[in-house]
Amino acid sequence: MRSSEINRKTKETDIRLRLDLDGGDISVDTGIGFFDHMLVSFAVHGGFGLSIKVEGDLEVDCHHTIEDSGIVLGKAFSEALGDRSGIARFGSFYVPMDEALAFCALDISGRPFLVFDASFPEERIGGYDSCMTEEFMRAFSYNSGITLHMKSLYGKNSHHITEAMYKALSHALREAVSVTGSDKPLSSKGVL
C-alpha cells in the first residue's frame, strides 16, 4: 500500500496527516477555508486519499499553517513512494480555470527544486494570502524531493489562478506516481 501517516508538532502548528496515493477518503481541516478548498481539490484531482487536520497559530497569520502543511504533505509523498521503483516519475499538465491557465511539470527525482512563475492580482483570497501559494509549493517540493516547475500563463482572478495551479500540480503528480509495472526506479543510475 502506497501510503503514509505523519504527525508533526511544533510551537507554531500541530499537523496530523494521512496520505494514500491510490485513493481513499478525503478530510481536510486547516482552519483556512480557501486552503481547505485547495487541498480537497488537490486530493480529488490527484485521485489521492487525504486526511489532514491542522491547528496553527492563525492569530499570527496563515503563513505557518500553509507552509508547514506543505512540509508534512511533501514528507508523506516521499515516504509513500519509498525508493520510487515502478513509477512513471515524470508528469505535466495544463489546467484552465475560467480566464486563467496554469501549467505544472515535475520530476520525482530526489532532487528538490522549485521554479515558480505567477503573480496574483488580489493579495488575499478569504483568509489565504496569495503569496502563500509559492511558499506551499516550495515546502512541498523540498520535502518530497520533487523538481517542480509551475507557471501561471495568464489570469485576472487570484482564486482562479491559484486553483488552476493546485489542480495542475495534482494532475501532474497523478501521472508521475502512476505504476508502470517495473520493479526498478526509472533512472539510468539505477536509483533516485
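The values are calculated or read from the model by the stated rules, or taken from the named source; none is laboratory data. This is a predicted model, so every value here is computed, not measured. Note: ideal-geometry Cβ built from the backbone for every residue, glycine included; neighbour counts use all protein chains shown.
Summary table
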read-out: Test for Val95: is it over 14 Å from the mean Cα position of the chain (by Cα) and not hydroxyl-bearing (Ser, Thr, Tyr); value: yes
read-out: Neighbours by Cβ (under 6 Å, 6+ apart or cross-chain): first from the range 105-129, among the charged types (D, E, K, R); second in a strand (DSSP E or B); value: Asp107/Phe90; Asp107/Thr147; Arg111/Thr147; Asp117/Lys151
read-out: Residue list for the range 151-192, restricted to those being of a type in the set (A, V, I, L, M), farther than 20 Å from Leu19 by Cβ and not in a helix (DSSP H, G or I); value: Leu153, Leu186, Val191
read-out: Of all residues in the range 61-88 being more than 17 Å from Tyr142 (Cα to Cα) and at pLDDT below 95, the one that is surrounded by the most Cβ atoms within 10 Å (Cβ to Cβ); value: Gly86
read-out: Subset of the range 102-121 [crowded, with 20+ Cβ neighbours inside 10 Å, over 14 Å from the mean Cα position of the chain (by Cα) and either of a type in the set (Ser, Thr, Tyr) or not in a loop (DSSP other than H, G, I, E, B) (or both)]; value: Ala102
read-out: Contacts under 6 angstrom Cβ, first residue in the range 173-189 being among the polar types (S, T, N, Q), partner surrounded by 12 or more Cβ atoms within 10 Å (Cβ to Cβ), 6 or more apart; value: Ser178/Ala88; Thr180/Gly86; Thr180/Ala88; Ser182/Gly86
read-out: Flag for Ala172 being buried (at least 22 other Cβ atoms within 10 Å of the Cβ), closer than 17 Å to Ser41 by Cβ, small (Gly, Ala, Ser) and touching a Lys or Arg at 6+ places or on another chain (Cβ under 9 Å); value: no
read-out: Subset of the range 14-36 (residues that are in contact (Cβ under 8 Å) with a residue 60 or more places away in the chain and crowded, with 19+ Cβ neighbours inside 10 Å); value: Leu19, Asp20, Leu21, Ile32, Phe34, Phe35
read-out: Residue match in the range 170-191 (condition: among the β-branched types (Val, Ile, Thr), touching a Leu at 6+ places or on another chain (Cβ under 8 Å) and at pLDDT 95 or above); value: yes
